[in-house]
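J.: After the structure tokens below, expect a handful of questions from me.
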Amino acid sequence: MDAAALLDRYERMNVIRRTEKAAHDLFLRGLVKGTTHLAAGQEAIAVGASAALRPDDYVFATYRGHHHALARGATPEECLAELMSRATGLCKAKGGSMHLTKAATGMLGSYAIVGSHLPMAVGAGWSARLRGTEQLAVAFFGDGATNIGAFHESLNLAAVWKLPVLFVCENNLYMEYTPIADVTAVPRPAADRAPAHGIPGEVVDGNDVVAVEEAVERLARRARAGDGPAVLEAETYRHYGHSRADPASYRPPEEVERWLKHDPLARSSTRLRAQRLLLPFEFGRGDRVDVHDRKRCGQ
């Protein structure tokens, strides 16, 4: 990836990180009702995948979907207004944090019921097949969704009909508060199960925006050619707990520290500095969303 493209991906991830930082602050001030599920640490999946998709492709996300809405064309102002129940919000204050939708850009919604959008993505793929377009439907879901029936039903039907659907698992190691490894028989909860349905299952570094973009681009090309669906498991880690009500005290400190060293923004900024590009700003250590200090890049 050339420097201009990499800088674009870095800036997009930064916009998402800062928008979620604003959502975090607004929640603490009592301006966001209910709860929010932040995706800080998972930005590379949304940005990398979106960069590999076409404008008319369909995207379906989970309740942790701010990053996907922003990557698919929603503005920070629209999203934050929606979170604050304002009429200028993305869904005119009718959706809130867990239901961000912008159909005009192919963002066909975030869904609070775990796995409920997987069959919808299959339906969107079937629609594209019927209409004879080269559109692709992409369903993003967490590792916990791999243990529900809708996951297997969706993979099976997409495989039987060879539909242009890409199933992307954002494996952040925890299904709410429970480690996915404690309740799943296979080490890769999504990719290891794909072969049972006769479709490819791949694993990618979900904190590497370049790797994600290349993997999605390749699998999308395969699906558009009529070769059917695929599963991509993106390994990542959320900086926060499951929701704003979760302090995430169940996660070992050494695990958190290890994953923070692989933060997607920090890794992209390292690549950019290697190409001797001047970055306008950076977050502090670990690029965590709850870090306030900024520092200038000295190169």
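The values are calculated or read from the model by the stated rules, or taken from the named source; none is laboratory data. Note that the coordinates shown come from a computational prediction; the quantities given were computed from them, not determined experimentally. No Cβ is skipped: glycine too gets one built from the backbone with ideal geometry, and neighbour counts run over all protein chains shown. Remember, those area values only see protein heavy atoms, side chains included, never the ligands or the DNA or RNA. Shrake-Rupley method; radii C 1.70, N 1.55, O 1.52, S 1.80 Å.
J.: Restricting to the stretch 39-93, count the residues that are among the basic types (K, R) and under 25 Å from G241 (Cα atoms).
T.: 2
J.: Among the numbered conditions (1) in contact with a Gly (Cβ under 6 Å, 6 or more places away or on another chain); (2) on the phi < 0 side of the Ramachandran plot; (3) at pLDDT 95 or above; (4) open to solvent by 10 Å² or more (accessible area, probe 1.4 Å), tell me where V165 comes up short.
T.: (4)
J.: Which of the residues that make up the stretch 223-254 are part of a helix (DSSP H, G or I) and in contact (Cβ under 8 Å) with a residue 12 or more places away in the chain?
T.: Across the stretch 223-254, the qualifying residues are A223, R224, G226, D227.
J.: May I pose another question? Consider I199 against the criteria (1) surrounded by fewer than 22 Cβ atoms within 10 Å (Cβ to Cβ); (2) more than 20 Å from V122 (Cα to Cα); (3) touching a residue at least 40 places away in the same chain (Cβ under 8 Å): it satisfies all of them except one. Which criterion is unmet?
T.: Looking at each condition in turn, I199 falls short on (2).
J.: Sticking with this structure for a sec: Can you report the number of residues in the stretch 24-45 which are surrounded by fewer than 24 Cβ atoms within 10 Å (Cβ to Cβ) and part of a helix (DSSP H, G or I)?
T.: Residues that pass the stated criteria total 5.
J.: Criterion first (of a type outside the set (G, A, S), in contact with a Gly (Cβ under 8 Å, 6 or more places away or on another chain) and either open to solvent by 10 Å² or more (accessible area, probe 1.4 Å) or over 26 Å from A230 (Cβ atoms) (or both)) does P76 satisfy it?
T.: Numbers: of a type outside the set (G, A, S): yes; in contact with a Gly (Cβ under 8 Å, 6 or more places away or on another chain): no; either open to solvent by 10 Å² or more (accessible area, probe 1.4 Å) or over 26 Å from A230 (Cβ atoms) (or both): yes.
Against the criterion (of a type outside the set (G, A, S), in contact with a Gly (Cβ under 8 Å, 6 or more places away or on another chain) and either open to solvent by 10 Å² or more (accessible area, probe 1.4 Å) or over 26 Å from A230 (Cβ atoms) (or both)), P76 does not qualify.
J.: Determine if the stretch 69-83 includes at least one residue that is under 24 Å from W259 (Cβ atoms) and either aromatic (F, W, Y) or at pLDDT below 95 (or both).
T.: no
J.: Condition test on L90, is it in contact with a Lys or Arg (Cβ under 7 Å, 6 or more places away or on another chain), aliphatic (A, V, I, L, M) and crowded, with 21+ Cβ neighbours inside 10 Å?
T.: The answer is yes for L90.
J.: Only one of G115, G132 is open to solvent by 40 Å² or more (accessible area, probe 1.4 Å), farther than 26 Å from H24 by Cβ, out of contact with any Pro (no Cβ under 7 Å at 6 or more places or on another chain) and among the small types (G, A, S); which? First the steps, then the outcome.
T.: Values: G115 fails: open to solvent by 40 Å² or more (accessible area, probe 1.4 Å).
Result: G132 is the single residue among G115, G132 that is open to solvent by 40 Å² or more (accessible area, probe 1.4 Å), farther than 26 Å from H24 by Cβ, out of contact with any Pro (no Cβ under 7 Å at 6 or more places or on another chain) and among the small types (G, A, S).
J.: Same structure again: Give the number of residues within the stretch 197-222 that are part of a loop (DSSP other than H, G, I, E, B) and more than 13 Å from L166 (Cβ to Cβ). Working first, answer last.
T.: Here is the first cut: in the stretch 197-222, the ones part of a loop (DSSP other than H, G, I, E, B) are 198-200, 206-208.
This time we only want the ones that are more than 13 Å from L166 (Cβ to Cβ), so: 198, 206-208.
Counting residues in the stretch 197-222 that are part of a loop (DSSP other than H, G, I, E, B) and more than 13 Å from L166 (Cβ to Cβ) gives 4.
J.: Continuing with the same structure: Answer yes or no as to whether A274 is over 19 Å from the mean Cα position of the chain (by Cα), modelled with pLDDT under 95, open to solvent by less than 60 Å² (accessible area, probe 1.4 Å) and hydrophobic (A, V, I, L, M, F, W, C). Give the steps one after another, and end with the answer.
T.: Working: over 19 Å from the mean Cα position of the chain (by Cα): yes; modelled with pLDDT under 95: yes; open to solvent by less than 60 Å² (accessible area, probe 1.4 Å): no; hydrophobic (A, V, I, L, M, F, W, C): yes.
In short, no.
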